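First comes the structure, then the notes that go with it.
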Ligand SMILES: Cc1cc2nc3c(=O)[nH]c(=O)nc-3n(C[C@H](O)[C@H](O)[C@H](O)COP(=O)(O)OP(=O)(O)OC[C@H]3O[C@@H](n4cnc5c(N)ncnc54)[C@H](O)[C@@H]3O)c2cc1C
């Protein structure tokens with residue numbers, strides 16, 4: 001076992017989706033970036049990419065890719081999902097378009113595929129070095145030194161001018177940061193787990209079910225979803241409580257699993273020849289909301305992505321939100337530079353020439369970055385709290401209300417309002433998924449939508465009875481003032 005030391009400019013801890021894209025953002029601004037990742041290089045070693053094999057990337061994520069000019073490369077293999085295909089117990093299908101028109105849709109993308117493309121692009125900049133099999137274990141924010149260990153037990157102490165912690169929801173950097181006085185975090189686990197399953201491609205290589213849809217088998221307190229993959233397969237996810245009559249606790253044997261699926265999702269069973277085997281092999285995933293504050297230590301270190309804000313996946317926004325962090329960080333850098341912060345890169349260059357003055361320059365560089373980080377955290381914290389809360393609310397809504405006739409009536413009225421008052425009535429779902437308005441604004445507008453819908457469905461039984469004149473008044477008075485004139489509303493996936 002050896003111990004060595006390294007000095008680097010920009011250190012990124014965690015080469016997941018957010019860390020790899022962060023490396024590209026910083027490299028494009030001229031910084032030398034070193035990325036330390038706990039796992040082996042996923043481009044060389046066949047392995048699971050971690051949670052969820054595929055993801056829904058929507059306009060916030062795409063906006064970040066566009067900002068660094070890599071959207072075409074990164075999105076070469078996406079499958080547009082134009083709507084949701086609902087599967088009833090008897091196999092009946094109901095299709096609901098995602099948005100109010102054809103411009104609003106989701107995009108299914110492979111997590112590993114995207115991660116690998118981001119790593120390749122990062123390396124192609126010539127500014128980024130990846131160090132794999134390096135697990136962050138300790139941090140000293142005073143000297144900005146991070147200790148990594150390899151599987152063989154070798155240690156490297158990496159001293160950085162600036163460190164970015166993108167090591168995911170179970171972040172070591174966050175754990176270390178939260179030991180500092182005045183720092184706090186909360187982790188709120190969901191009492192649900194998830195299990196990934198698989199629908200293989202058809203024999204002719206095609207898709208066994210509609211390819212351009214997100215498939216949902218809603219069953220009240222639990223559900224199955226399936227997202228298409230580029231090779232004709234679907235990644236299937238079962239969301240289920242840990243405890244209770246229908247729960248992971250009651251799916252212990254192969255027979256339990258077979259019976260449960262045959263009763264609840266018979267049409268899905270036919271699509272998954274290896275269902276039971278896969279269920280028994282695959283781990284049960286956990287979901288949690290992570291909040292913490294502050295996210296930075298002066299100008300030395302900052303948390304981003306799930307490390308700063310873990311959200312449950314019921315809005316499909318975790319990665320999108322993490323990518324939006326990078327858009328906002330870049331805006332903060334831009335603002336800082338435009339206000340005379342041009343020493344930014346000069347300092348790094350100077351440090352290269354004067355290695356022995358590293359400590360002093362680190363302090364100078366640090367104070368410089370502090371303004372950027374403080375601005376970044378100020379712009380992001382309330383928005384990330386908002387999406388974290390909305391994701392839990394969405395989960396509760398899906399769990400408890402999908403069978404409630406009043407709720408379904410309100411949703412039907414909402415569709416009408418979105419069509420009738422474009423740009424003036426926009427649902428919370430559309431604001432989160434198909435626009436780049438700040439999440440906190442989507443949350444505020446969503447609460448107003450709920451009030452308007454509650455008022456409009458009071459005393460009516462069917463959607464045709466909705467009072468559109470009253471709707472217009474409510475929308476114009478309460479919602480339109482928040483939404484009209486916002487440029488982010490024009491952005492589409
Ligand atoms: C079931 C499910 C479905 C989801 N679906 C969607 C979706 O459709 N759309 C969406 O936008 N989001 C979705 N998400 C959320 C999304 O997966 C996360 O928000 C996203 O992966 C966060 O990226 P990240 O880079 O911050 O963290 P991660 O992807 O977790 O990456 C962290 C990286 O850090 C590395 N690391 C960890 N610890 C250390 C350490 N100590 N030292 C060094 N390296 C370390 C890890 O190996 C990993 O490579 C989903 C999540 C789940 C669970």
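Can you divide the C-alpha Rg of segment 189-287 by 2.2 N^0.38 Å and report the result to two decimal places? If you can, show how the numbers build up before the last one.
Numbers: Rg = 13.3 Å, N = 99, 2.2 N^0.38 = 12.6 Å.
Expressed relative to 2.2 N^0.38 Å, the Cα Rg reads 1.05.
Expressed as a whole number of Å, what is the distance separating the alpha-carbon centroids of segment 80-117 and segment 368-388?
Comparing the Cα centres of segment 368-388 and segment 80-117, I get a distance of 31 Å.
Give me the distance between the Cα centres of segment 210-230 and segment 162-209, rounded to whole Å.
20 Å
Run the helix sum for the chain: -39,500 (n - 2.57) per DSSP H stretch of 4+ residues, divided by residue count, reported at 222 nm to the nearest 500 deg cm²/dmol. Intermediate results must be reported in sequence, preceding the final value.
On the way: 16 runs with 194 residues, N = 493.
That calculation yields -12000 deg cm²/dmol at 222 nm.
When a/c reaches 1.5 or more, the comparison of a/b and b/c decides; with that in mind, is segment 72-122 rounded, prolate or oblate per its Cα gyration tensor?
On the way: a/c = 5.35, a/b = 2.11, b/c = 2.54.
The shape class here is oblate.
Rounded to two decimal places and with Rh computed the Kirkwood way over Cα pairs, what is Rg over Rh for segment 81-174? Show your work: numbers first, answer last.
Numbers: Rg = 21.7 Å, Rh = 17.8 Å.
When Rh is taken as the Kirkwood radius, the ratio is 1.22.
Rounding to the nearest 10 and keeping the result within 0 to 90°, find how far the Cα-based axis of helix 405-420 lies from the longest principal axis of the chain.
For 405-420 against the chain, the angle is about 70 degrees.
Just to be sure I follow: if Rg is taken over the C-alpha atoms of segment 371-493 and Rh is the Kirkwood radius over the same atoms, what is Rg/Rh?
Details: Rg = 15.6 Å, Rh = 15.4 Å.
With Rh from the inverse mean 1/r over Cα pairs, Rg/Rh is 1.01.
Where does helix 343-353 land angle-wise versus the long Cα axis of the chain, in degrees 0 to 90, nearest 10?
Between helix and principal axis, roughly 50 degrees.
Once the Cα atoms of helix 17-28 and of the chain are each reduced to a long axis, what angle between those two axes, in degrees from 0 to 90 to the nearest 10, is obtained?
50 degrees
Using every alpha carbon pair in the chain, what percent of pairs falls into each 10 Å bin from 0 up to the bin containing the largest distance?
Bin by bin from 0 Å, the calculated values are 4, 18, 28, 25, 16, 7, 2, 0.
None of the figures in this text is laboratory data; all of them are computed from the coordinates on show. Bear in mind that the values here come from a model prediction, so they are computed numbers and not experimental data.
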